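The values are calculated or read from the model by the stated rules, or taken from the named source; none is laboratory data. None of these values were measured; they are calculated from a predicted model. Note that each Cβ is placed from the backbone with ideal geometry, even for glycine, and that neighbours are counted across all protein chains shown. Heads up: the accessible areas ignore ligands, DNA and RNA and are worked out on the full protein's heavy atoms, side chains in. Shrake-Rupley method; radii C 1.70, N 1.55, O 1.52, S 1.80 Å.
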Amino acid sequence: MGYILGIIILVLIGVIVFLCRQMRTKDYHYQYKANKMETMEADYENKIQSLQTTIKELNETAYTHTVTKIGNIDYFIDRCSSLFDRYPLASFVMVGFSISNMGKINQIFGPSEGDKVMIYTADSLRNSVPNSATYAHVNSNLFGILFRDVSEEDILKAIGTITEKLANYSPTFAVTASFGIYEINPEHTSDSLMDIMNCTLLAQKAIKDPKHENYAYFTEALNRTYNENRQMSQEMEEALDQHKFIVYLQPMVDLHSYQIVSAEALVRWDYPGKGILSPYAFLPLFESSSLIQKLDYYMWEECCKVIRRWIDNKMTPLPISMNISPIHLQSLAFIDKLEQLLKAYLIPKELLILELPERGVANASKEVAEIIGQLKQHGFTLCIDNFGSVHSPLNLLKDFPIERIKLDRSFLNRNSNSDEGLTILRYLIAMAKELNLTVITEGVESMEQANFLTDIGCDIAQGYFFAKPLTVRLFDQLNKSMLRTLYRPSEYYPTFDDFEKDVDILTQMMQRVG
């Protein structure tokens, strides 16, 4: 019995030892798994933190302007919307401003200098507005500031501070800005932010001279203008399809023969309910957008149709001067368009004269100069339009392959009322003639001006003294009447000296015969 009991006890001890070992093994596995879990949790926590950091960096990148490193348009929209929702009773004022002379800075000093100006502007903005204001670099040349519950005095103070900082950017050139101010009606905080920014842009356009006063408020009058312009823009496509834009021709008269030798094509809009609109009523709107390209293409084709009709009707075709808007000088695409039109209407190239605006050619970039060179290689006749309207550097006359210059009417008016001005006109025309350039003067309104221009060597004149812009039909009638009334065959009226010479010649002939 004792023997059996001993065996049982040994077996129990063995079982206990086995169970203890099993328990120890399980504890080891549990500890291993616990340690593994802790490692995994730490790893997951690190990954989550890394992911959160990445998301934060991506958000910062997505909401930061790549050049100026301040908030971009997405940031501005998000931030402004949040503030409108958070402070429904607050007083908000939006200020949008642009560097007025950024185009010239890029042209003269290059895009890299333009980027430096943008960075400097962003730094000036950052250090000039109150902490409650939200600001951003909205697009390439537009900055936005949203003021909340700030007095008008403080807003104008911030504008003054930014203006002063920009003026101190460089001793080499000035940096000027135009500020548009829009007081946001609480009922309009749900409007699109871009609509609000467009109101500040419209206010900027009301500024005449940023150096004198560089800010303007958005008003209801501007709002009406904006709505009319928007409606006009929407109607343009339909007007083009319906041929509501009409070609008018203004005669260009040779100052020696007093015959029409060419014409400038000018656009008019037959607008329903308003009659024939002058280009001053709509061109500024079109020039501020890509609409001007479509209008130019339309006008070029209409000019080709006029010349084709002249040829088909056995009429002597006259060259037509067509305006080339500055926006075309950014690429070569418009040259292909001109070539296609010439080919489609079988128009000789010499019957088209391309008038390049002085403002688009002065201080031209290398790319613009190359495009002008391409025009010449294609055989087009080139004319600098509005010469003298701004500054017209004289190197335009030697650096570009032009054949004509057209003196601006303002240049004629400024210089025809003093001896010094007349001297400038006389020597400018003499210099152009030395360079074999044809000189045209527009804005001629009196016989005295026409006679003076003739005396100093101007070739062609254009202006109300001769004729205002006319429809093609009236232009043709005027051309025919001028040919009939002004053409005179060369007539010889001998003087007494000539008579004496003739007598001597006859006497000598008679002596030889005798």
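Tabulated results
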| read-out | value |
| --- | --- |
| Difference of contour (0.36 nm per residue) and Cα-Cα distance, Lys480 to Lys116 | 125.1 nm |
| Percent RCO, i.e. relative contact order, over the stretch 137-248, from Cα pairs under 8 Å lying at least 6 residues apart | 19 |
| Candidate residues Glu442, Glu287: accessible-area rank, largest first, probe 1.4 Å | Glu287, Glu442 |
| Backbone HN-Hα couplings from phi across the stretch 150-155 [Karplus 6.51/-1.76/1.60, Hz, Gly and Pro as x] | 10, 6, 4, 4, 5, 5 |
| Computed accessible area, Ile424, all protein chains, 1.4 angstrom probe, square angstrom | 90 |
| Hz values of 3J(HN,Hα) by residue in the stretch 76-89 - Karplus curve (6.51, -1.76, 1.60), Gly and Pro given as x | 5, 4, 5, 5, 5, 4, 5, 5, 4, 6, 6, 10, x, 9 |
| Long pairs among Lys294/Lys349; Lys294/Lys468; Lys294/Lys398; Lys205/Lys244; Lys314/Lys349; Lys69/Lys165, criterion Cα-Cα beyond 24 Å | Lys294/Lys468; Lys294/Lys398; Lys205/Lys244 |
| Charge dipole (debye, nearest 20) of the stretch 246-351; +1 at Cβ of Lys and Arg, -1 at Cβ of Asp and Glu | 240 |
| Where labels lie 7 Å past Cα in the beta-carbon direction, separation of Asp336 and Met315 in nm | 3.4 |
| Full-extension gain in nm, Asp149 to Gln231, via 0.36 nm per residue minus C-alpha separation | 26.1 nm |
| Listed residues Lys157, Lys294, Lys165 arranged by accessible area, highest first, probe 1.4 Å | Lys157, Lys294, Lys165 |
| For the stretch 60-164: accessible area per residue (Å², 1.4 Å) | 49 |
| Assigned charges on the beta-carbon of Lys, Arg, Asp, Glu; the stretch 271-322 dipole about Cα centre (debye) | 200 |
| Shape of the stretch 147-262, Cα gyration tensor, a/c cut at 1.5 | oblate |
| Nearest-10 value in Å² for the accessible area of Tyr297, using the 1.4 Å probe | 60 |
| Sequence-separation-based contact order of the stretch 267-385, relative, with Cα cut under 8 Å and 6+ spacing, percent | 23 |
| Solvent exposure, largest accessible area first (probe 1.4 Å, DNA, RNA and ligands not counted), of Glu302, Glu152 | Glu152, Glu302 |
| Percent carbon-and-sulfur accessible area, the stretch 279-390, ignoring ligands, DNA and RNA, probe 1.4 Å | 53 |
| Glu183 accessible area, assembled protein chains, probe 1.4 Å, Å² | 120 |
| Electrostatic dipole magnitude of the stretch 265-417 [Cβ: Lys, Arg +1; Asp, Glu -1; Cα centre; debye, to 20] | 320 |
| Cα-based convex hull volume of the stretch 202-280 per residue, rounded to whole Å³ | 148 |
